[in-house]
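Encoded as C-alpha cells, the structure appears first; notes follow it.
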Amino acid sequence: MTKTWVIAVRELKLFFDSLTAYILIVVFLGLSGFFTWISGSDIFFIGQATMQPFFSVAYWTLFFFIPALTMRMIAEENKSGTIELLLTKAVTDWEVVTGKFLACFILIAVALALTIPYYFTLASIGNVDHGAILCGYFGLLLMSTVYISIGLFASSLTSNQIVAFLLSLFIGVFFLIIFDVLSGDFTGIIGELFSYLNMQTHFESISRGVIDTKDIIYFLSISLFSLMLAETMISRRNIVD
C-alpha cells in the first residue's frame, strides 16, 4: 500500500505541476455550475430543492473529463519509455496500476468536493433530501471508478494519448448508451444481461437514494476487471520488451 501511495502522490504532483488538473477542474465546475443553476433545465426552472440537475450533468461531464485525465497516465510512459524504468523499481505491475488509479480517484473526489457549496446553497433555500444527495455523490464516485479503470486500460493499449482518449470513450459509450439500446432490442436472458450492463440503471437507482448491493457489485466488478486488464497489458508489454 505504501508503494501504491507513493505512485499516487507522484501522479498527483504531475497533474498539478502542469495545467491539466486546473483546466479540467475549472471546466468541470463551469459546466456543472451552468447547467445546475443557469440553464433552462436548472434547479430554479424545475422548482424543486434537488441536486438531480447537477447529478445529471455530472453523469455526462465525467464521461469526458475522466478519459482526458487517464489518457496520458500509461500511454505517455509507454511512449517515453519511463514505464520500463518504473517497473525496474521494487514495485509490481498491480501497484503501478492501482497507484495511478488512486491518483485519478483523488482528483475526481476533489473536483466533486468543490461542488459541495451547491448542496449548502440548496439547503438554505429549500427542504432537501439529504440522504438522496449523499447517495448521489456516492453514485458519482462509484461511476468514476469505472471510467478511471476503463481509461487506464485504454491508456495501457497504446503510446498515443489521443488514441487512448478515443478508446476510453468508445468503451465507455457501451456502458453509457449502447447496452441500454440493446436491452430494448432483446428479450429473455440476453435482454436482462444488457439491462444489467447498462450503467444508467445502476446510477439512477443510487442517485435516488436506494443503495442496493447489486449496484455496488456492478461498479466495483467492472472497475476491478478493467484494472486487471490494464495490469495484464503492462505485464505483456514488459515481457515483449
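The values are calculated or read from the model by the stated rules, or taken from the named source; none is laboratory data. Just so it is clear, the structure is predicted and the values come from calculations on it, not from any experiment. Positions of Cβ are generated from backbone atoms using ideal geometry, with glycine treated the same way; all protein chains shown enter the neighbour counts. For the accessible areas, the whole protein counts, side chains as well, though only heavy atoms, and no ligand, DNA or RNA atoms are used. Shrake-Rupley method; radii C 1.70, N 1.55, O 1.52, S 1.80 Å.
Numerical summary
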read-out	value
Only one of W94, W60, W37 that is out of contact with any helix residue (DSSP H, G or I) (no Cβ under 8 Å at 6 or more places or on another chain) and either open to solvent by 30 Å² or more (accessible area, probe 1.4 Å) or modelled with pLDDT under 80 (or both)	W60
Single condition I206 does not satisfy, out of (1) under 16 Å from T145 (Cα atoms); (2) open to solvent by 90 Å² or more (accessible area, probe 1.4 Å); (3) not acidic (D, E)	(2)
Residue within segment 162-185 that is buried (at least 17 other Cβ atoms within 10 Å of the Cβ) and in contact with a Cys (Cβ under 6 Å, 6 or more places away or on another chain) present	no
Enumerated helices (runs of 4 or more DSSP H) restricted to segment 168-241, each holding at least 2 residues that are closer than 27 Å to N78 by Cβ and at pLDDT 90 or above	213-240
Test result for V110, open to solvent by 10 Å² or more (accessible area, probe 1.4 Å), under 23 Å from T2 (Cβ atoms) and out of contact with any strand residue (DSSP E or B) (no Cβ under 7 Å at 6 or more places or on another chain)	yes
